[in-house]
1. Quick one: which residues, 5+ away or cross-chain, put their amide H under 5 Å from the amide H of A:ALA186? H built at 1.01 Å from N.
2. Skipping prolines and chain starts, which residues have an amide H placed within reach, meaning under 5 Å, of the one on B:ALA70, given they are 5 or more residues away or on another chain?
3. For a label point 7 Å from the Cα of A:ARG10 along Cα→C-beta, name the residues of region A:252-272 whose backbone N is under 20 Å from it.
4. Quick one: Karplus J couplings for region A:59-66, per residue in order, coefficients 6.51, -1.76, 1.60, θ = phi - 60°, nearest Hz, x for Gly and Pro?
5. Based on the Cβ-Cβ distance of B:VAL68 and B:LYS344, what FRET efficiency does E = 1/(1 + (r/R0)^6) give at R0 = 25 Å, to the nearest 0.05?
6. Tell me, what HN-Hα J-couplings in whole Hz come from the Karplus equation 6.51 cos²θ - 1.76 cosθ + 1.60 at θ = phi - 60° for each residue of region A:322-330, using x for Gly and Pro?
7. Show me the chymotrypsin sites (Phe, Trp or Tyr not before Pro) within region A:1-81 that DSSP assigns to loop and that have at most 16 other Cβ atoms within 10 Å of their Cβ.
8. Which far-off residues, 5 or more places away or on another chain, put their amide H under 5 Å from the one on B:VAL210, with H placed in the peptide plane?
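The values are calculated or read from the model by the stated rules, or taken from the named source; none is laboratory data. A quick note: this is a predicted structure, and the numbers were derived from the prediction, not measured. Cβ placement follows ideal geometry from the backbone for every residue including glycine, while neighbour counts extend to all protein chains displayed. The accessibility values were calculated without ligands, DNA or RNA, using every heavy atom of the protein model including side chains. Shrake-Rupley method; radii C 1.70, N 1.55, O 1.52, S 1.80 Å.
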Protein chains: 2
Amino acid sequence: MQAARYYGNRDVRIDEIDAPSPEADEVLIDVEACGICRSDVKEYQQGPKFYGDDLPYAMGHEIGGTVVEAGEDADVPVGTDLVLNPIVACGSCRFCDDAQYHLCQNMSFIGAHRQGGYAELVAAPAENVVPLPDGVSPEMAAVAEPLAVAFHAVTQSTLRLGDSVAVVGLGPIGLGLVQVAKAVGAGSVYASGHRAARRALATESGADLVVDPRETDPVERFSEETDGGVDVAFEVAGNESALNDAIGSTRPGGHTTIVGVFGGDVSIDPMTLVNFERSVNASAGYRGGPHAERDFGSVVELFADGRLDPDPLVTSRIGLGEIVESGFEALSDGESEDVKILVKP
Amino acid sequence: MQAARYYGNRDVRIDEIDAPSPEADEVLIDVEACGICRSDVKEYQQGPKFYGDDLPYAMGHEIGGTVVEAGEDADVPVGTDLVLNPIVACGSCRFCDDAQYHLCQNMSFIGAHRQGGYAELVAAPAENVVPLPDGVSPEMAAVAEPLAVAFHAVTQSTLRLGDSVAVVGLGPIGLGLVQVAKAVGAGSVYASGHRAARRALATESGADLVVDPRETDPVERFSEETDGGVDVAFEVAGNESALNDAIGSTRPGGHTTIVGVFGGDVSIDPMTLVNFERSVNASAGYRGGPHAERDFGSVVELFADGRLDPDPLVTSRIGLGEIVESGFEALSDGESEDVKILVKP
């Protein structure tokens with residue numbers, strides 16, 4: 001089969017390799033689509049650093065496809081359309097003991113520590129398979145992954161029906177958060193992001209007000225709109241100004257959930273918390289391992305009933321052979337208008 | 001009457017001034033004792049800066065005493081022993097509209113924006129009077145103020161029965177937190193502080209393990225004791241290392257409540273939150289204004305039934321005339337063995 005394998009810094013090659021053989025508790029999946037995640041681009045640009053070091057391997061963890069072979073202990077019928085939850089938990093660390101499989105200390109993440117979806121076929125544990133409801137295609141299912149991050153973040157936040165929300169950062173997950181917040185009953189949703197195309201998408205996704213933080217101070221603007229701050233903010237950019245904008249946008253007693261991935265220390269003034277009794281928590285990915293269906297299953301159900309719409313997030317579809325130029329390199333441009341690029345092996 | 005009035009930087013004078021006259025909704029209080037707060041020392045050393053600017057006035061907001069005169073609308077009998085809640089709320093800002101009187105934007109704090117307890121007599125709104133239960137003396141009641149800060153912090157935290165706790169910072173409020181956490185049913189309580197005398201007091205107050213952070217890393221040590229971190233940490237020092245120690249001491253999914261007052265920005269790594277889905281909130285003082293009795297009333301009840309013991313926190317008692325040398329100057333020494341100094345006007 002063909003696979004786009006990562007050999008090291010800015011080095012991805014299209015190889016012809018043997019198809020993987022599923023273990024007894026695994027299935028073999030025909031990959032219909034695999035989304036390119038920002039963290040894959042980062043590993044391509046700055047790595048090998050964040051993912052595993054067993055090079056070469058195919059990255060790609062946003063996988064929609066169909067089961068074509070099942071191991072003898074894998075209780076998933078051949079032909080099952082699915083989205084794959086990439087978190088393979090060890091089952092024996094203290095996090096797994098507490099059923100916090102998504103925090104597993106020995107996590108083997110599909111597409112980072114073992115072969116992922118930038119390939120025609122991928123083998124994965126049967127427990128990581130999330131079957132699709134009627135009306136959801138394996139291609140669209142690939143987009144369930146960033147939306148599962150958004151969904152999990154909402155479950156970890158204090159969001160209640162009717163609450164006002166700020167989303168700071170409008171990558172695929174931030175845009176997903178706008179949709180998820182609306183889908184689960186938020187009141188007004190305000191958003192802040194740097195790129196014009198993504199701001200337009202935020203509006204299309206249901207945001208009530210969208211600002212460019214270089215032109216309009218989101219803290220001031222969102223506070224005006226809400227008479228003093230939103231109930232819940234989500235930080236989805238992974239940088240200092242976004243974190244301070246998110247916290248500053250909340251009302252007294254309001255809450256911020258950090259979703260972004262940060263590259264190091266940031267500076268905050270704790271008195272912005274203390275003086276207003278604000279709170280902050282954090283969301284890490286989504287439930288995984290034996291809980292593979294928790295967040296992913298909810299997301300694909302929301303796809304099926306139309307309350308979440310992955311379509312607007314997909315801005316291009318490319319073949320494996322185009323993954324370097326039209327994928328990694330295109331997304332390395334900070335001004336790219338692309339949001340979610342799907343690779344179709 | 002005599003009053004120790006603040007005239008500006010490091011300038012406090014003992015003046016003979018007219019006794020205040022209570023307004024219709026106020027009472028006049030004979031001050032039995034007034035504790036010196038670290039923030040008063042800061043205003044003395046670095047101010048005028050943090051408090052009001054209507055100089056000169058007597059600071060002092062940790063007030064125990066007895067009502068000697070009541071205005072015509074003040075529904076508090078002469079002779080009532082009390083602790084005074086110093087938060088005078090405006091009643092009309094958006095925080096007051098939400099009954100968050102302790103966050104009032106126009107707060108007039110007794111001892112900071114109006115005459116306080118470093119004087120023989122003080123006038124205050126009747127609604128700020130918290131009557132004492134039997135067995136609690138007006139002198140001991142002065143210590144209810146820092147313990148109300150500790151009590152409020154616990155109510156704002158996620159602390160549940162049996163939870164393990166870390167207290168980082170062992171000033172009067174940190175020491176109070178050790179006591180309050182034990183009093184309300186915490187499991188093991190671990191503490192970290194720089195001064196030997198205060199560490200000894202933490203042990204005396206019920207802490208199960210107390211470390212000097214310059215010798216023993218509290219994050220490592222507390223994690224060892226708890227197999228991976230405490231359930232709830234309290235930051236009670238107001239500095240960067242204490243905040244990072246507090247957050248780092250918590251288990252995955254654990255919670256930190258910030259109680260310390262910070263002088264500016266601090267550096268944190270948001271991934272210490274994200275990777276473990278930890279959370280942080282903040283506690284500001286205690287309920288006040290029309291809710292004056294909420295935290296203070298609970299604290300003096302805990303004094304009465306013996307579950308909180310203010311005695312060990314009181315390390316000296318001084319007269320008004322000694323307030324500069326034996327009070328502000330003594331507490332300006334970062335190595336002082338004093339904890340709570342009571343002024344007895």
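1. A:GLY162
2. Hits under the 5 Å cutoff: B:LEU28.
3. Label zone hits: none.
4. Each residue of region A:59-66 in turn: 6, x, 10, 10, 10, x, x, 9 Hz.
5. Values: r = 16 Å, r/R0 = 0.65.
It comes out at approximately 0.95.
6. Residue by residue, region A:322-330 yields 9, 5, 6, 5, 8, x, 4, 5, 4 Hz.
7. Working: sites: A:TYR6, A:TYR7, A:TYR44, A:PHE50, A:TYR51, A:TYR57; in loops: A:PHE50, A:TYR51.
Sites meeting the loop and neighbour criteria: A:PHE50.
8. Under 5 Å from the amide H of B:VAL210: B:ALA191.
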